[in-house]
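Working notes, structure below.
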Amino acid sequence: MIVRLSAGKTKSGGSLTRGGSAGDNRRMLRKDAKVELLRHVPLFERCSKRELQEIARIADELHLPAGRRLAAEGAPGHEFMIVVEGTAEVRRSGRKINLLGSGDFLG
């Protein structure tokens, strides 16, 4: 599961593909769970609880199949994503350079 915030433009430094996970768990995060997840992202660590609640309210939850491309190398990005469950491979020039897991973020 990925939590996605669509906002300003960013530039991707590689391609990102959703990795595998055990089963297709379609649970939804409680609002307070989203707030806690956001609180641990450095970009949001100084936000008040009220600000975090507003961000959590507008964040989408995405349930994606393994192998789904989330971003493409060189393409402009428009989203900020947090990995909630599963993994995401980061590739540059087709070579795996990192593996993101629960709590990791990009965008």
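The values are calculated or read from the model by the stated rules, or taken from the named source; none is laboratory data. Model, not experiment: these values are computed from the prediction. In this analysis, Cβ positions are derived from the backbone assuming ideal geometry, glycine residues included, and neighbour counts consider all displayed protein chains.
Against the criterion of being assigned to a strand (DSSP E or B) and of a type in the set (D, E, K, R), residue 46 does not qualify. Restricting attention to region 45-71, the residues that are under 15 Å from residue 107 (Cα atoms) and either at pLDDT 90 or above or not hydrophobic (A, V, I, L, M, F, W, C) (or both) total 2.
All of 103, 67, 74 fail the test of being at positive phi, assigned to a loop (DSSP other than H, G, I, E, B), in contact with a Lys or Arg (Cβ under 7 Å, 6 or more places away or on another chain) and of a type outside the set (Asp, Glu), apart from 67. Total residues in region 27-43 satisfying the condition of being out of contact with any Phe, Trp or Tyr (no Cβ under 7 Å at 6 or more places or on another chain), in a loop (DSSP other than H, G, I, E, B) and modelled with pLDDT of 85 or more: the figure is 1.
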